[in-house]
Structure formats: C-alpha cells, structure tokens
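The next block holds one structure in the form of structure tokens; read it before the comments.
The values are calculated or read from the model by the stated rules, or taken from the named source; none is laboratory data. Treat the numbers as computed from the prediction; the structure is a model and nothing was measured. All Cβ positions, glycine included, derive from the backbone under ideal geometry; neighbour counts span all protein chains shown. Accessible surface is based on the protein model in full, side chains and every heavy atom, while ligands, DNA and RNA are left aside. Shrake-Rupley method; radii C 1.70, N 1.55, O 1.52, S 1.80 Å.
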Amino acid sequence: MQAKITINQTEYSVDFSKPIDLSIPVISGEENPVAWYLEAPKIEPVKEGKWVAAVEQGSVVNFNNVYLNPHAHGTHTECVGHITEKVHSINEHLKTFMFTAEVITLVPESFADDLVFTKKQVAKALASNTPEALVIRTLPNTSSKKSRKWSHTNWPYLMADATAYIKECGVKHLLIDLPSVDRERDEGVLASHKAWWYTGGKIRFDATITEMIYVPHTVKDGSYILNLQIASFENDAAPSKPILYTLES
Ligand SMILES: N[C@@H](CC(=O)c1ccccc1NC=O)C(=O)O
C-alpha cells in the first residue's frame, strides 16, 4: 500500500509494505537481552495436574504463560509513571501513534569513568531538524545488542543537558538502543529521565521514552515516519513495537 502524506506543506509517499521494525523480539530463555539484574524472561505452557498446554505434549492448543519485565527484557515504551509515586499509565498517555522521526547515530565520548552522549553531539546530529520522534542508534551497533546481558556493564548514557536539548527541539518521543537514557547506577538521580519529563515543575505527560530498540545498520540516518505501538498495558511501561517507514519524495 502506498500512501501520500503531507508534512509541512511537502508531499511524500510512503510504502507501508516496507516496514523497518526497531523492536527486539522477546524470546523465552537465555537468548533474550536482560538488564537490571533480572533472570531471563519465560514463555511456557500452563500446567494443571497432568495437563501440559502444549500440542506437542497432547494438548489441543498451545497456551503459554509469559513472564517478563517490560523495562528489563526488551523494547519498551515508558511514560512519566516510571519515576512518579503514582504509576501513570503509558496506555493512557500515548494516544497517537504516527510521528515524524529522525534517525541519528552517536559515538559515545569519554567522561570520567563513563561513556556519554553530549549536547554538542546531539545538536550536531539533529542539525535544524525538528521531528516529533528522535531515534538514537549508538555505536558500536553489533547485533549482539539483541541478546546483550546489560547488568553491571555501565552502558553509555545521555548527559542531562543533551536530553533537555532534545526536549527543547520539540521532540515528544525519544527512542534509544540502550536499557536506559541514564547511567546504570546513579544513586537514583535519573537526571535524563527528569530532564525529559519535567519542565519548570510541569510534567510532560505526553512525552515517552522507548528503550532497548535495535536499529539495523542498513537504516540510514535521516527522516522517516514512525509508527510507535505498545501492548495496551495499564502500567508505566509496556512492550512496544516501533516501526519506521521511509519517506519518498
Ligand atoms: N539508575 C537507578 C536504578 C534504576 O534505574 C533501576 C534499578 C533497578 C531496576 C530498574 C531500574 N530502572 C529501570 O528502568 C539507580 O542507580 O538508582
């Protein structure tokens, strides 16, 4: 299906038969990525007495329970409820699903014992673009990100002024291929999360952060359309499926 869409008075065509999936599939067991010191997610048949709900074990249906933590086990989208006393729901606050998006690629820089992304780098990569969503691919970008064991790795993170800059550019949806926009261990400061959701004491309820995406190498930096879909969980975060579409002029 080809669609014609107009963005700022310019018409583009979009081919919906060519999705670029940025989500990491959730797989039962050790192949799955994990962060935040949890065990692997599980997808396993319901068991009731002698009944095992798997067709290969004589059941008429496969009927699996899924045990996963949205923040720890793969691509997920979160709202401010991640850091507030009241667990605001992503399902209540993400109400539209199609956005203009810019993909940028960042190489982390050393900062004390850490690797970070600075405001200067973000400003250079974003240039004068003002997308609704920003997709950050971090280097190195090996496909091992899809099964990485992130706990205790002190991954690179966004400096708070870089995150604030992204917000000031008008971006509502921030996507990144790491488990957090903040330092793994930061004594609860969560500086980037706070810079993203709070402005002058006001909460940006409609702003989201999507973490643990994977942006294939074949995707070029530049402008896209993003379809950001979540599983409808009434929770601060939900597993999500961000899809990019190329804009053809
Ligand atoms: N950086 C925080 C910890 C943190 O964010 C966190 C800790 C355990 C489980 C999940 C966490 N964050 C998840 O998104 C801290 O060091 O206090």
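List of remarks:
- Evaluated at q = 0.13 Å⁻¹, a Debye calculation over the C-alpha positions of the chain (equal weights, vacuum) places log10 I(q)/I(0) at -0.83.
- Centroid-to-centroid separation of the range 208-236 and the range 105-162 [C-alpha atoms, Å]: 15
- Pairs beyond 21 Å (Cα-Cα), from 95/146; 18/220; 95/145; 124/146; 146/220; 86/167: 95/146; 95/145; 124/146; 86/167
- Counting only aspartates and glutamates at least 8 places from residue 4 when in the same chain, those with an alpha carbon closer than 15 Å to its own are 15, 248.
- Each residue was assigned an accessible area with a 1.4 Å probe, and for residue 16 the value is about 70 Å².
- Each residue of the range 125-139 is assigned a 3J(HN,Hα), and the resulting list reads 6, 6, 6, 9, 6, 10, x, 6, 10, 10, 9, 9, 9, 9, 9 Hz, derived from the Karplus form 6.51 cos²θ - 1.76 cosθ + 1.60 (θ = phi - 60°), x at Gly and Pro.
- Our estimate of slack between residue 169 and residue 56, defined as 0.36 nm per intervening residue step minus the Cα-Cα distance, is 35.3 nm.
- Amide H within-cut-off set for residue 115, under 5 Å, with H built and near neighbours excluded: 157
- Estimated 222 nm signal from helices in the chain, with DSSP H stretches of n ≥ 4 weighted -39500 (n - 2.57), rounded to 500: -3000 deg cm²/dmol
- By average C-beta atoms within 10 angstrom, highest first, the peptides 242-248, 161-167: 161-167, 242-248
- Scalar couplings 3J(HN,Hα) for the range 185-191, obtained by applying the Karplus form with A = 6.51, B = -1.76, C = 1.60 to θ = phi - 60°, are 10, 9, 6, x, 5, 6, 4 Hz; x denotes Gly and Pro.
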